[in-house]
Amino acid sequence: MRVQNAVVLVTGANRGIGSALVTAFLERGAARVHAGARDPGTLAAVTARDPERIRPLALDITDPTSVTSAALTAPDVTLLVNNAGVHVMGHLLEMDLRDVETVMNTNWLGTLRVLRAFAPVVERNGGGAVVNVISVGAFGGTPSMGGYPASKAALNALTQAVRPDLAPRGIAVHAVYPGPVDTDMLRLAANALPRMAEFPRATTADVARAIIEGVEADTQEIFPDPFAEQLGEEWRRDPKAVERRLTDLA
């Protein structure tokens with residue numbers, strides 16, 4: 001899919017990879033970018049980059065009413081980027097189960113909720129693409145990262161499951177597996193996982209550009225940074241080795 005003149009929705013657009021994606025889509029010639037966030041007030045700095053083409057959008061992916069309203073507010077979307085997500089550190093056998101439920105409800109069920117609402121929108125607009133931002137963490141359950149790896153593994157399976165359903169509707173589905181990216185979420189994890197300091201951190205801008213290049217090249221599995229690319233190659237050769245590498249982090 002060509003980004004030129006596309007109408008994009010980026011969830012979780014107020015910071016991190018989402019914020020960088022908004023800028024990158026504008027640079028690539030998108031006609032409009034709907035920038036989604038729970039609190040549109042957090043999008044002021046993002047929308048200020050191009051008030052004509054960036055539209056702030058109230059979107060809480062855990063709230064069915066909010067998702068339904070967003071689909072009515074942004075009926076022109078042709079490219080959906082499911083980037084919103086949360087992370088709570090802890091060991092699954094010990095941490096508050098409500099935190100695990102929050103992560104799963106956001107990262108997996110919330111993404112599915114947005115997909116169900118916007119797939120008909122993209123189809124009505126002649127087809128396009130869906131991009132699910134997953135994580136290399138989907139390939140192994142790091143013990144102290146709580147429900148996050150499980151939620152991303154579930155999102156990976158979801159991505160595979162909807163791909164054949166959406167293809168006949170003219171919608172391509174891309175899976176993105178970032179490695180360590182310099183974001184607030186990574187800094188939270190790194191505080192509990194000192195070994196993460198060993199890994200190079202990609203910038204959000206570089207990751208955003210790589211995602212768009214992958215979409216335009218029709219790449220189904222996008223590894224948007226050097227660490228992710230290397231881990232992806234290892235995962236194809238020896239998934240068990242990657243699992244051990246990720247579980248050994250903590």
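Read the figures in this text as sums done on the coordinates, not as results from a lab. Small disclaimer: the values here were computed from a predicted structure and weren't measured. Positions of Cβ are backbone-derived with ideal geometry, glycine not excepted, and every protein chain shown enters the neighbour counts.
Could you go through the range 6-17 in sequence order and give the Karplus-derived ³J(HN,Hα) for each residue, using 6.51 cos²θ - 1.76 cosθ + 1.60 with θ = phi - 60°, rounded to whole Hz, and x for Gly and Pro?
6, 10, 10, 10, 10, 7, x, 8, 7, 7, x, 4
Return one number: the angle in degrees, 0 to 90 and rounded to the nearest 10, between the long axis of the Cα atoms of helix 226-237 and the longest principal axis of the Cα atoms of the chain.
So the inclination is approximately 70 degrees.
Modelling each spin label as a point 7 Å along the Cα-to-Cβ direction, I'd like the Asp76/Arg49 distance in nm, to one decimal.
For the pair Asp76/Arg49, the computed spacing is 1.9 nm.
Under the rule that an exposed site lies in a DSSP loop and has at most 16 other Cβ atoms within 10 Å, name the longest stretch of the chain with no GluC sites (Glu not before Pro) of that kind, not counting the sites themselves. It would help to have the intermediate numbers written out before the result.
Values: sites that count: Glu52, Glu94.
Here the longest run is 95-250.
Between 0 and 90 degrees, rounded to the nearest ten: what's the tilt of helix 204-216 against the longest Cα principal axis of the chain?
60 degrees
On the Cα set of the chain, report Rg and Dmax in Å, please.
Rg then Dmax for the chain, in Å: 17.1, 49.
Report, to the nearest 10°, how far helix 148-166 tilts away from the longest principal axis of the Cα atoms in the chain, using its own Cα long axis and a range of 0 to 90°.
Result, in degrees: 40.
Most mobile of Val22, Val162, Val100 per a Gaussian network model of the chain (Cα springs, under 10 Å)?
Val162
Collect residues whose amide H, placed 1.01 Å from N in the peptide plane, falls under 5 Å from the amide H of Ala172; neighbours closer than 5 in sequence don't count.
Gly128, Ala129, Val130
So if I place +1 on the C-beta of Lys and Arg and -1 on the C-beta of Asp and Glu, and nothing else carries charge, what would the dipole magnitude of the chain be about its Cα centre? I want it in debye, nearest 20. Could the numbers behind the result be given before it?
Values: 24 positive and 28 negative charges, 74 e Å.
Dipole about the Cα centre, nearest 20: 360 debye.
Can you figure out the FRET efficiency of Leu112 with Glu243, using R₀ = 30 Å and their beta-carbon distance, to the nearest 0.05?
Details: r = 25 Å, r/R0 = 0.83.
Efficiency, rounded to the nearest 0.05: 0.75.
So what's the convex hull volume per residue for the Cα atoms of the range 108-147, in Å³?
Values: hull volume 2.6 nm³, N = 40.
Output value, Cα hull per residue: 66 Å³.
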